[in-house]
C-alpha cells in the first residue's frame, strides 16, 4: 500500500514509506525522507532533507527543520519545534549555519517543547512538556524544564524508574513496575 495524503497536504518529496498517513495542511518538502507506518499530524512542517524513520508519530503543529534526523518509533508531541541555527539572523542565513540534531529510537518529546539544534536525544528518553532542550539527553533520560535538566530515568514503557536492583561505577540497573529491566550508563 502506498502512503495516504490528505487532499489539503502538500507533499513535494518522492520518498514516503508505505502506510504513512499525512494529514490536513501538512507540508513535506522535497528530499525529505519519511519511513513506513508514520503519522504526520495536522499542520506539520517537515523541511527539505529531514530524515524520519519508521513508526514515527508527529502530532499537530510540529516544525521539523533541515538538519534533523528522527529514528524509528519516536513520538513528537503537539507544537514541538526543532531549530537548526544557533545564531539566527534574518540577514545572514546560509546552509553552512545548519547544526544537526538527532532523536534516537523510541524517544518521546512532549507537547510544546523546543529542541535547540546540535543535541542528541538518546534512545527511549523522555522530554517533558514545555521543555527547552539545550544539551544532549542520555538514553532513557527524563528531562524537563527551561532549560531542561535530567530528573531521572524512564523505562521503555515511559514510566519513571525508581527501583534499583544493581549498580556499580559504570551503570545502574533498574526494574520497572511493568516488569522490564533497564540498564543506564553513568
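Read the figures in this text as sums done on the coordinates, not as results from a lab. Bear in mind the structure is a predicted one, so any value in this text is a computation, not a measurement. FYI the Cβ positions are ideal-geometry reconstructions off the backbone, even for glycines, and counts take in every protein chain you see.
Computed values, structure above
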item: Normalised contact order of region 4-154, rounded percent, pairs of Cα under 8 Å and 6 or more residues apart; result: 13
item: DSSP beta bridge pairing in the chain, given as percent antiparallel to the nearest 5; result: 30
item: Virtual paramagnetic centre 7 Å along Cα→Cβ of residue 156, amide N under 18 Å, in region 100-126; result: 104-108, 122-126
item: Mean Cβ count within 10 Å, highest first, over the residues of peptides 14-23, 160-169, 112-121; result: 112-121, 14-23, 160-169
item: Peptides ranked, highest mean first, by Cβ atoms within 10 Å: ranges 139-146, 151-158, 176-183; result: 139-146, 151-158, 176-183
item: Pairwise centroid distance, computed over Cα atoms, of region 113-186 with region 42-71, Å; result: 22
item: 25 °C / 0.890 mPa s Stokes-Einstein diffusion coefficient of the chain, Kirkwood radius on C-alpha pairs, µm²/s; result: 145
item: Using a Förster distance of 25 Å, the FRET efficiency for residue 146-residue 18 (Cβ separation, nearest 0.05); result: 0.05
